[in-house]
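Below is one structure, written out as structure tokens, with a few remarks after it.
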Amino acid sequence: MAHKVFIFDTTLRDGEQTPGANLNVDEKLQIARHLELLNVDVIEAGFPFSSPGDFEAVRAVAREIRGPQIAGLARAFAKDIDACWEAIKEATNPRIHTFISTSDIHLKHQMRKSREEVLEMAAAAVKHASQYTSNVEFSAMDASRSDLDYVAQVFTAVIDAGATTLNFPDTVGYAIPDEFGAKIKYLMEHIPNIHQAVLSVHCHNDLGLAVANTLAAVMNGARQVEVTINGLGERAGNASLEEVVMALSTRRDRLEYFTDIVTQYIYPTSRLTSKLSGVPVQPNKAIVGANAFAHESGIHQDGVLKDASTFEIMTPTAVGIKKSSLPLGKLSGRHAFKNKLREMGFYLNDDELNRVFARFKSLADRKKTVYDEDLISLVETEVIYKSVPEHFRLVELVVLTGTMARPSANVKMEVGGQLLGPYSVFGDGPIDAAYKAITHLAGSKCKLLKFAVSSITGGTDAQGEVSVRLEDEGHVVTGQGVDPDVVTASARAFINGLNRLNFLKEGGPVQKGPKPEEL
Ligand code: MN
């Protein structure tokens, strides 16, 4: 009989610790809604004690998301656990996740405590958490480098104190699969009360082995896996949700386990997470990379055309990658448009629909065929990324460029409701000129850290998609813009980023607090 493996998603906690990624409350909610559609068992929404912003985000997720359990992270201190409970208590099934280090390296150099003291702290923390809920998870930080008998001793004590999930993290990504699997087996055999709890693993990818180690643990008795969308996370990241889930589902012949994940939501969730975090997915990434289902070799192409199973071990549709069907054109009406978006899983209110439809009509005038990918981008730019107030708005942009002209831009924009410009300036190229004009009108001192442009579909009439990363006064944000004209797309991305910075400075959403200790 196949055993269920519980999916604990930590995209919003460990994933958010990815360098450069930071999510505001609204963005965390959007990802959480997708995780609910994916049907993960547990969403770790953040570390409430670490900052007021993180507290707010965890509370918002706990209030809104009804399906999955909502976990909050807390160090093994009463004040951390109390704050965690305050943030998660309105969830349908809240979980307190507390942790302490168990490795001699950490005990000696970081905590300066004895094994006995740490064991007492762990049991006391779990006991404290159990006063609030029976759903308590305990993690032994740096477990894979800890003395295994000591971890077994700590786990035995915390189960007695009320822990129902025990997590064995490979915090530093040091383990290799057969060794890691053997450790899980040993724990299953040497913890007398282990049947009262679920054993979990949390693997990091420093050696590229996070997914392999996770699967080795499952094969030896672990029944919860801690994973992230796109493998986001500290340093080289965590085991990726999509890879673990698809390995289990594709190789059911060898791995007699199942998850409750609705795999068709994998790709949309991956894309949303990438866009909102500003961390792109490498093209050759397993399952969700742009090339994951692209066949280049002639022999492979020929085989796939005759029968997909010749070179495809799973189908793109199984993970929610849809081939462009029935593209829309400029004669398509509002009704067909609305139905199309519904089919793609976007439920917009009337106001949102009107905005996206207006952008669609102007796009269809300039571009013969509007593909699904174009529609996704329109919805993303008009609805999803507009999660911050538009303090800055582009009114008019004219650029002059070419082999014979010195590149220049002329910009009119609205700043706080006031029309400014036109302002003209020369630049090294048209985008540089446009950025100089916008920076001047906005009165911004931000630094451009990253600029990336890509095309959404093939062909010269494809839309350009621009992503920028901006920094100002210690805040780092990502801005996105889409347009058939790359200079306009660049200006939109820049202004979107400026709006995000402005929102952050006004103290709106989540600001990064002190860096949480890593599990
Ligand atoms: Mn971690």
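The values are calculated or read from the model by the stated rules, or taken from the named source; none is laboratory data. Every value quoted in this text rests on a predicted model; they were computed, and no experiment measured them. Cβ: placed from backbone, ideal geometry, glycine included. Neighbour counts: every protein chain shown. For accessibility, only protein heavy atoms count, side chains too; no ligands or nucleic acids. Shrake-Rupley method; radii C 1.70, N 1.55, O 1.52, S 1.80 Å.
Structure values in brief
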| item | result |
| --- | --- |
| Complete set of residues in segment 329-369 that are closer than 23 Å to Gln264 by Cα and not small (Gly, Ala, Ser) | Phe337, Lys338, Asn339, Lys340, Leu341, Arg342, Glu343, Met344, Phe346, Tyr347, Leu348 |
| Residues (over 22 Å from the mean Cα position of the chain (by Cα), acidic (Asp, Glu) and surrounded by 16 or more Cβ atoms within 10 Å (Cβ to Cβ)) located in segment 442-479 | Asp472 |
| Residue match in segment 480-487 (condition: free of Cβ contacts under 8 Å to residues at least 24 places away in the same chain and assigned to a strand (DSSP E or B)) | yes |
| Number of the condition not met by Ile384 [criteria: (1) farther than 18 Å from His34 by Cα; (2) modelled with pLDDT under 85; (3) under 27 Å from the mean Cα position of the chain (by Cα)] | (1) |
| Residue list for segment 98-117, restricted to those being part of a helix (DSSP H, G or I), open to solvent by less than 80 Å² (accessible area, probe 1.4 Å) and in contact with a Leu (Cβ under 9 Å, 6 or more places away or on another chain) | Arg115 |
| Search result, residues across segment 143-179 that are open to solvent by 30 Å² or more (accessible area, probe 1.4 Å), in contact with an Asp or Glu (Cβ under 8 Å, 6 or more places away or on another chain) and under 19 Å from Lys127 (Cα atoms) | Thr164 |
| Condition met for Asn213 (buried (at least 24 other Cβ atoms within 10 Å of the Cβ), of a type outside the set (Lys, Arg) and free of Cβ contacts under 8 Å to residues at least 60 places away in the same chain) | yes |
| Identity of the residue in segment 232-258, farther than 16 Å from Ser274 by Cα and among the hydroxyl-bearing types (Ser, Thr, Tyr), that ends up nearest to the ligand (Cβ to nearest atom) | Tyr257 |
| Search result, residues across segment 259-287 that are at positive phi and at pLDDT 90 or above | Ile287 |
| Segment 118-138, residues that are part of a helix (DSSP H, G or I) and open to solvent by 90 Å² or more (accessible area, probe 1.4 Å) | Glu120, Lys127 |
| Subset tally (residues that are of a type in the set (A, V, I, L, M, F, W, C) and either within 14 Å of the ligand (Cβ to nearest atom) or assigned to a helix (DSSP H, G or I) (or both)) for segment 1-20 | 2 |
| Within segment 294-408, helices (runs of 4 or more DSSP H) holding 2 or more residues that are closer than 17 Å to Gly481 by Cβ and outside the structural domain of Val482 (by TED's automatic domain parsing) | 350-366, 372-379 |
| Residues within segment 234-243 that are within 26 Å of Ala197 (Cα to Cα) and touching a residue at least 60 places away in the same chain (Cβ under 8 Å), tallied | 3 |
| Residues located in segment 201-221, provided they are under 13 Å from Ser144 (Cβ atoms) and either away from the ligand (no atom under 12 Å from the Cβ) or not assigned by TED's automatic domain parsing to the domain that holds Arg13 (or both) | Leu207, Leu209, Asn213, Thr214, Ala216, Ala217 |
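A quick yes/no check of all residues on (1) surrounded by 24 or more Cβ atoms within 10 Å (Cβ to Cβ); (2) among the hydroxyl-bearing types (Ser, Thr, Tyr); (3) over 27 Å from Arg223 (Cα atoms):
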| residue | (1), (2), (3) |
| --- | --- |
| Leu37 | no, no, no |
| Val42 | yes, no, no |
| Phe47 | yes, no, no |
| Asp54 | yes, no, yes |
| Ile65 | no, no, no |
| Leu73 | yes, no, no |
| Ala87 | yes, no, no |
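For (1) aliphatic (A, V, I, L, M); (2) touching a residue at least 12 places away in the same chain (Cβ under 8 Å), each residue gets a yes or a no:
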position	(1), (2)
Lys368	no, yes
Tyr371	no, yes
Leu375	yes, yes
Glu380	no, yes
Val388	yes, yes
Arg393	no, yes
Met404	yes, no
Val415	yes, yes
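Yes/no per residue for (1) at pLDDT 85 or above; (2) surrounded by 11 or more Cβ atoms within 10 Å (Cβ to Cβ):
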| site | (1), (2) |
| --- | --- |
| Met314 | yes, yes |
| Ser325 | no, no |
| Gly329 | no, no |
| Met344 | no, yes |
| Glu352 | yes, yes |
